[in-house]
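The values are calculated or read from the model by the stated rules, or taken from the named source; none is laboratory data. Since this is a predicted model, take the numbers as computed values, not measurements. Note that we place each Cβ from the backbone using ideal geometry, even for glycine, and neighbour counts take in every protein chain shown. Just the protein is used for accessible areas: all its heavy atoms, side chains included, with ligands, DNA and RNA removed. Shrake-Rupley method; radii C 1.70, N 1.55, O 1.52, S 1.80 Å.
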Amino acid sequence: MNQTAVDKEVFKAGMSQLAGAVNIVTTSGIAGKGGFTATAVCAVTDSPPTLLVCINNQNELAMVIKENKVFAVNILSANMEQLANRFAGMDGVSMEERLSIGDWRNLTTGSPTLQESIACFDCELINSVISGTHSVLFGKIVDAKVNLGDNPLLYYNRNYGTIEISD
């Protein structure tokens, strides 16, 4: 069956209705350091613990992560909208300058992890698959830190928001 793809603008409008957690993906190594904002992050398996991140191949960090072979995923809390915008390139600073705001520390791989994040996962890149304009990066989680209690920053209908969960 060879059907044509749905119109790009219809696809984008429909995907804007898919709420996603806002994350900052970082890397540091021989190829450089920096980070970007991502909502295309999800768990793959818990044995071994693995997640995936999608990144546009035009993003300068795509090749940097592939060369460094490490990255960290930092899940943002509801009060981190300014940081999300910074790592989305909204203020025009360089990849390395983006890390000048926030309390960034290293776990195992050397990729910066945000101390105030809801959780952070330190990963070794185990596979990369190119699909159209993006790469899907698979990371084996080698270290993690969890800070319970904060509400997540979400992205829905091209706007930030959150949900409150009560115990």
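Each distinct pair of alpha carbons in the range 82-167 adds a 1/r term; the inverse of their mean, the Kirkwood radius, is 15.3 Å. Accessible area of Val64 (1.4 Å probe, protein heavy atoms only, ligands and nucleic acids ignored): about 30 Å².
Pairwise alpha-carbon distances in the range 38-83 exceed 18 Å for 42% of all pairs.
Simple spin-label estimate for Ile165 and Asp103 gives 2.3 nm between the two label positions (7 Å along the Cα-to-Cβ direction from each Cα). In the range 8-118, one over the average inverse separation of all distinct C-alpha pairs is 14.7 Å, which is the Kirkwood hydrodynamic radius. On the chain, 52 percent of the accessible area sits on carbon and sulfur atoms, based on a 1.4 Å probe. Among Thr50, Thr133, Thr39, the residue with the largest mean-square fluctuation in a Gaussian network model of the chain, with springs joining Cα atoms closer than 10 Å, is Thr133. Just to be sure I understand the curve: with the Debye formula and one point per C-alpha of the range 1-53, what is log10 I(q)/I(0) at q = 0.26 Å⁻¹? With no solvent term, the Cα-only Debye profile gives -1.02.
The separation of the range 58-136 from the range 10-47, counted between C-alpha centres, amounts to 8 Å. Here Gln82 and Glu60 are evaluated by their C-beta separation; at R0 = 22 Å the FRET efficiency comes out at 0.50.
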